[in-house]
Amino acid sequence: MIEQSWERMLRSGVDPDHDFRSGLLPREEVERRREASALRHVLPVLREGLLSVADVAHHIMVVADEEGRVLWREGSAPVLRKADGLGFELGADWREDVVGTNGVGTPAVTRRPVQVFASEHFVRSHATWTCAGAPITDPRDGRLLGVVDVSGPLETMHPATLAWVDSVAKLAEARLRELHLQSLERLRAVAAPVLARLPGRALVVDRDGWTAAVTGMPYTDRVALPKSAGAGARWLPGLGPCTVEPLGEGWLVRAAEREPDAAGAARLVLDLRHPRRWSVEVRSGAGPWSRELSPRHAELLYLLAVQRAGRSAAELAADLFGDPARTVTVRAEMSRVRRYLGGLLEHRPYRFCEAAEVEVRLPTTRATCSPLDVPGDHGPPRHDTGPLTGAPPPSPAARNSDRCGPRGSTAVPASGAVTAGDASPPAPERGTRPHRRPSGGRVRTGVRAGGRAGPVLVHICSVRAPPPRPCRSIPLRATPALPRPTLRPPGSVGPVPVEVV
């Protein structure tokens, strides 16, 4: 992860010889952010788990928000003074693209715990400092809340510091989950008498769409609410047309008895431009709503957007894992996707409905080609579409300078066939591994007159596998023969040969 972070710094133009410091936030703004941040609820957990050891070990604890601004900073007084000399102050901006690789900004980008040891800092003036930071996410929707970091001079850091910080960060997330369950219990107590008097289908959800109580319909964990949820008529995925009313700390959702064509005049926007921030937005007559996507759901929806004719479970398993037998995993993930997309997705095979217009927004930078570029375990390498143009695969030098290979575009009809002008795509050369990693631009799938799906603009590149390394023969040295074992009976003069079986 340190190497990937340095690559990002080189691309963004951070100067390793100059310690750039942005302006500090005013004290009033720091206090306002503290009150608005959910991290204030877990600050006692962080203090109990980190400060008792950090003060003795000459460390400091730093808590920053999702934008990298330092909101809390406590610990050893001498180390705090040293941190002031580095600009590690309240209200300071420690995003990775501002101050380089560090224990606050880098975990916020990778969404994983990171330890930056001494000279691993991109800026040379930070080489006497060591940081270990872990992200804290909201258990309700996976949104990044901030980063907790333990920092100190080089000679005070221990190899187990990273595991220690990560464990305390997980305790903080568990505390947030406990607070969320308590809020649902309070909402459930308010909703029970209201739902008991209502006929038909209805449910009560909190402000984030998590279900507190339900009547007249199967229980569902969560309902996808619009970003700007308000009272009135709404179309909700999985429920169709509904009436939304405020109730306590949440919403009372009353579903219509009949669900018309939910996909009519609907437009989906699949946004893959930002790493770890993939989302899908649905725009329909009842108002727009959006939802953040996991890496697996982003990959599935991307495949279905490109292959408008549809993909079976076995074909999706082959696309994702290279193993068509892993259909159970695919069906489970598609079942979760259909919970919030509802009638916009059809099955046998899995596909978007014909009346839906799908638009895919791909990243414009080559560093974030697809969800597969972000660090994380997404399964074995994918086996996907090969190169779309007649140009030869890039050389190793070109691959090192351009991770996404040459850029190009082609149209993919609804049938799923790949065309590039009038020529069909050539088969990959031997030793070339096909790769489905969009390199930039924009993909749009529409509906033409007559209900026929329109073309999709796709950018695809290929990566050539390295040639096999030649085997080297190693000469074996001859082992000298061992002497035959002998026994010398008492009183005998010479050796007596013994047959060994």
Whole-Å semi-axes of the stretch 58-193's equivalent ellipsoid (Cα gyration tensor): 32, 14, 13
Approximate spin-label separation GLU249-GLU354, in nm, with each point projected 7 Å along Cα-to-Cβ: 4.8
All-pairs alpha carbon distance profile, the stretch 136-278, 10 Å steps from 0, percent: 10, 30, 27, 18, 9, 5, 1
Accessible surface of GLU29 - all protein chains present, 1.4 Å probe, nearest 10 Å²: 50
Contour excess over end-to-end distance, with Cα ends at GLU89 and ARG197 and 0.36 nm allotted per residue: 33.3 nm
R0 of 25 Å, Cβ-Cβ distance ALA256-GLN182: FRET efficiency to nearest 0.05: 0.20
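Tell me, what is a quarter of the convex hull surface for the C-alpha atoms of the stretch 157-213, in nm² with one decimal? Can you show the working numbers first?
Values: hull surface 19.6 nm².
Hull-based average projected area comes out at 4.9 nm².
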Modelled FRET efficiency - R0 22 Å, ASP138 with GLU29, Cβ distances, 0.05 increments: 0.50
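From largest accessible area down, sort THR161, THR215; use a 1.4 Å probe on the protein chains. Don't skip to the end; give the middle numbers.
Numbers: THR161 5, THR215 35 Å².
Listed by decreasing accessible area, they come as THR215, THR161.
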Potential lengthening between ARG283 and ASP221 on full extension [0.36 nm per residue; Cα-Cα distance subtracted]: 20.0 nm
Gain in span if fully extended, THR327 to HIS41, counting 0.36 nm per residue against the direct Cα distance: 98.8 nm
Span per principal axis, largest first, for the Cα atoms of the stretch 14-108 (Å): 37, 31, 24
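The values are calculated or read from the model by the stated rules, or taken from the named source; none is laboratory data. Keep in mind that this is a model prediction, so the values were computed, not measured. Cβ: placed from backbone, ideal geometry, glycine included. Neighbour counts: every protein chain shown. Surface areas here come from the heavy atoms of the whole protein model, side chains and all, with no ligands, DNA or RNA. Shrake-Rupley method; radii C 1.70, N 1.55, O 1.52, S 1.80 Å.
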